[in-house]
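Every number in this text was worked out from the coordinates using simple rules, so none of it is lab data. Nothing here was measured: the structure is a model prediction, and the numbers come from that model. Note that each Cβ is placed from the backbone with ideal geometry, even for glycine, and that neighbours are counted across all protein chains shown.
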Amino acid sequence: MTSVWVVIAVLALATAGLKLAGPLAFGGRPMNPKALNVVELLASALLAALVVVETFGKGRSLVLDARVLGAAFAAVAVWRRAPMIVVVLGAAAVTAIVRLLS
Amino acid sequence: MTGLRVGASDPLGVPSERHRAGIRRGLPFGIAVFAISVSFGVLARPLMGPVAPIVMSIFVFSGAAQFGALAVLLAGGSAGAAIAAGVLLNARYLAMGLALAPSLRGRALSRAAFAMPLVDASWAAASRGDGTFDPWYLVGVSVPQYAGWVLGTVVGVLIGPRLGDPNALGLDALFPAFFIALLYEEARGRRRLAAAGGGAGIALVLTPFVPAGLPILAAAAAAIAASRMRA
């Protein structure tokens, strides 16, 4: 149980440190254009990686399971401009139904 | 709040309006985050007991890190391994914070106050698309998410013992759905699509070979590569 509290304390401090490092070191200063160019693209790259890992990842392996159909529903819903809540809850519902039927 | 002059010259509106607009934008995220954190509370309770998951959500406030660390602990991993997983999963905040930094003016304390509520959805939503960010909007989008995250954990811890398997409810599919929605709004234009494709490819290739969290961090390389393309 002690180790659980150690994990919580260290993760809280580390997360704050990661969030604050940039703003405290470089706040308000314009970034050089080359760096800004990269930064502008970071969200696309990291979000796409998160989609892949959360759709296919299971620990260190890649698997095809019911999440794929949930994610597919989300992709179609987003494309059809459905509200966020429909996108996420619909994806969960599709995944749950597929698991129920399989 | 408007005494803080960050964003006062914001061409998109005065801070309190931007803040409220952010909160409205954040509401659906807040509901989604609530659902996700219910599942965190449910999953964490057997290992952590009823109080620790709530404390963790209050002070860590990060789905990726909390689920990542929990997964390691549930698999019998050490505290050190759980911490490493959580830190790696949150390493992206370093990049996001660096990206946000030029948009934050004012003293260190005020910059810190704008950076602490930083989470994925707020960061993406506050991006103006030209490399700058709307700080008040970012904080606004985070408000419902923080409330949803902490409340959801409380609910999860309370109902967990009665609920059964959260995956049976498809709760694990909330994550990809959430990121797909964010990605759709973010990845407009040739270079961003290239960055997204590259990031997805890197994550796909690396996942079987490196510890969880690293593939997401490594995807940043795709942004560097795509930045060399012509706009």
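Computed values, structure above
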quantity	calculated
Residues listed by number, region A:45-78, amide nitrogen under 18 Å from A:Ile97 label point at 7 Å toward C-beta	A:65-78
Least to most buried among A:Phe73, B:Phe209, B:Phe29 (fewest other Cβ within 10 Å first)	B:Phe209, A:Phe73, B:Phe29
10 Å Cβ neighbours from other chains, averaged over peptide A:58-71	4
Average beta carbon contacts from partner chains per residue of B:114-120, 10 Å cutoff	4
For residues of B:215-227, the mean tally of beta carbons on other chains within 10 Å	6
Radius of gyration and maximum dimension Dmax of region B:64-209, Cα, Å	17.4, 49
Cut-off under 5 Å, modelled amide H: who pairs with B:Arg105 long-range	B:Gly7
Peptides ranked, highest mean first, by Cβ atoms within 10 Å: ranges B:181-190, A:88-97	A:88-97, B:181-190
Extent along principal axes [Cα atoms of the protein assembly as shown; Å; largest to smallest]	52, 40, 35
Over chain B: helical MRE at 222 nm, DSSP H runs n ≥ 4 each giving -39500 (n - 2.57), nearest 500	-22500 deg cm²/dmol
Residues A:Trp79 and A:Ala9, FRET efficiency given R0 of 41 Å [Cβ-Cβ distance, rounded to 0.05]	0.45
Dipole in debye (nearest 20) - the protein assembly as shown, about Cα centre, beta carbon charges: Lys, Arg +1; Asp, Glu -1	680 debye
Cβ-based charge dipole, the protein assembly as shown, positive-most Cα from B:Leu94, A:Ser102, A:Leu62	B:Leu94
